[in-house]
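Inspection log for the structure reproduced underneath, given as structure tokens.
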Amino acid sequence: MVFVEEFLPQLLLLLLSLLYQSASSIVNEDYPKLGSVSLGHIVRPDFPILHQEVNGSKLVYLDNAATSQKPTAVLKALQNYYESYNSNVHRGIHFLSAKATDEYELARSKVATFINAFESREIVFTRNATEAINLVAYSWGLSNLKPGDEVVLTIVEHHSAIVPWQLVAQKTGAILKFVSLTKDEVPDTGKLREMLSNKTKLVVAHHVSNMLASVLPIEEIVHWAHDVGAKVLVDACQSVPHMVVDVQNLDADFLVASSHKMCGPTGVGFLYGKSELLSSMPPFLGGGEMISDVFLDHSTYAEPPSRFEAGTPAIGETVGLGAAIDYLCGIGMQKIHDYEVELANYLYERLRAVPKIRIYGPVPSQTVRRSALCSFNIEDIHPTDIATFLDQQHGVAIRSGHHCAQPLHRHLGINASARASLYFYNTKEDVDDFIEALKDTVSFFSSFK
């Protein structure tokens, strides 16, 4: 009996992996070869929101780095939950509660399989990646960092990967050290390696930049950090939705991602943490579900992941995340990545031909691959004016602002930028429509000079 209890999570993960492989082969048989028609054209019927007009023009949605759209399968999963088995999870013995609990925990197993965690207990559900980072900061950080300890980050990090550590550093006396950019506008990994020492306790690094489109060599960074005894937290919000991410190969200690960027609902994200680390960490929030026993003068706490999931979770949203993972696995993450590499190069080449444009981040080449987004500015036109005109006159949705990366923008000498970001349901026609609309936008604002 002990053997079954100990190895049941791993057996479930193995079963899910085999089911995913089977489902992927079935779905992929229905998809035409990418050489005949693009992946974007194939999957677009699955996304109802894309088939509408905005301000009198066909919607061209290019704001995927902020959030992704949801396929019908995810919408149906949410509807089915609320129509068929809406109930609170865990401890309930009635049918609806048992069904909700099974689906909620199945979603955890799906996430674990998706990123190749060793066991599902290494997955903690949170509201989003921001909360996941705060969980590590307040639970692991406050317990392990001391005055003079160093946390190494890059100036490219999202605010949610900087601010929590600033708060923890103020409380613990730890020191934050930041890695700058090379002349190619990518984080200087050589300087990062030189910065590591026996004082380094943690490295916080993005996998893919949400502004520069650069990709960090996480496996190497983890290896360097572990050589000096430091832990590594990876912000994988811009990688998990777009490529194969294997946490065991990366050997990262912590990794975070958000559902809403990977075709899932808003309101749920996850933290991956190595089992021994999670087991050593105190609770982040107190309340129901995270306890073992409660007495008037003290409490004892549940084992992870329950220890870090206080209160009623986002059950329907978590079930929706599970459905999103099923959908992505049905297509295949490598297929998605390969298609997006093609789209990324096409977007960059079309955009660089626009007069007076400045695209941020590395130039793509045989050895340098960008993610499928471009942040840019056009001389003498504010990025918010560009985004507004594109939306109101052409139905093209992009983002403008600092993209939660103010330190990076200051380093580049700008206050804001415009950003077009793609996902696998986008097509080269979307890019063409965007470029033509952008040229019209530039022409409009240039006419006032």
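Which numbered condition trips up Asn210, out of (1) more than 30 Å from Ile315 (Cβ to Cβ); (2) crowded, with 24+ Cβ neighbours inside 10 Å?
For Asn210, the exception is condition (1).
Where in the stretch 320-415 are the helices (runs of 4 or more DSSP H), entirely inside, with at least 3 residues that are under 30 Å from Leu176 (Cβ atoms) and in contact (Cβ under 8 Å) with a residue 12 or more places away in the chain?
406-412
Here are some conditions: (1) modelled with pLDDT under 95; (2) of a type outside the set (Ser, Thr, Tyr); (3) outside any helix (DSSP H, G or I); (4) surrounded by 14 or more Cβ atoms within 10 Å (Cβ to Cβ). Leu13 meets all but one. Which one does it not meet?
Unmet for Leu13, out of (1) modelled with pLDDT under 95; (2) of a type outside the set (Ser, Thr, Tyr); (3) outside any helix (DSSP H, G or I); (4) surrounded by 14 or more Cβ atoms within 10 Å (Cβ to Cβ): (3).
Would you be able to say whether some residue in the stretch 154-175 is touching a residue at least 24 places away in the same chain (Cβ under 8 Å), basic (Lys, Arg) and either open to solvent by less than 40 Å² (accessible area, probe 1.4 Å) or in contact with a Cys (Cβ under 9 Å, 6 or more places away or on another chain) (or both)?
No - not one qualifying residue is present in the stretch 154-175.
Hey, can you tell me all the residues within the stretch 269-308 that are in contact with a Cys (Cβ under 9 Å, 6 or more places away or on another chain) and open to solvent by 50 Å² or more (accessible area, probe 1.4 Å)?
Once the filter is applied, which keeps residues that are in contact with a Cys (Cβ under 9 Å, 6 or more places away or on another chain) and open to solvent by 50 Å² or more (accessible area, probe 1.4 Å), the stretch 269-308 yields nothing.
Test Asn80 against the criterion of being within 23 Å of Asp326 (Cα to Cα), open to solvent by 50 Å² or more (accessible area, probe 1.4 Å) and outside the structural domain of Val43 (by the TED database), and give yes or no.
yes
Residue-wise test of (1) at pLDDT below 95; (2) of a type in the set (Asp, Glu); (3) out of contact with any Ser or Thr (no Cβ under 7 Å at 6 or more places or on another chain); (4) within 22 Å of Gly264 (Cβ to Cβ).
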{"position": "Thr312", "(1), (2), (3), (4)": "no, no, yes, yes"}
{"position": "Leu351", "(1), (2), (3), (4)": "no, no, yes, no"}
{"position": "Leu390", "(1), (2), (3), (4)": "no, no, no, no"}
{"position": "Ser400", "(1), (2), (3), (4)": "no, no, no, no"}
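I'd like to verify a number: residues in the stretch 135-148 that are farther than 14 Å from Leu233 by Cα and surrounded by 19 or more Cβ atoms within 10 Å (Cβ to Cβ), how many?
Selection size over the stretch 135-148: 1.
Just checking, does the stretch 175-183 include any residue being assigned to a helix (DSSP H, G or I), over 22 Å from the mean Cα position of the chain (by Cα) and assigned by the TED database to the domain that holds Ala137?
No, that holds for no residue.
The values are calculated or read from the model by the stated rules, or taken from the named source; none is laboratory data. Not measured: the values here are computed from a predicted model. Because the Cβ atoms are built from the backbone with ideal geometry, glycine has one as well, and the counts that use them run over all protein chains shown. Only protein heavy atoms, including side chains, enter the accessible area calculation; ligands, DNA and RNA are left aside. Shrake-Rupley method; radii C 1.70, N 1.55, O 1.52, S 1.80 Å.
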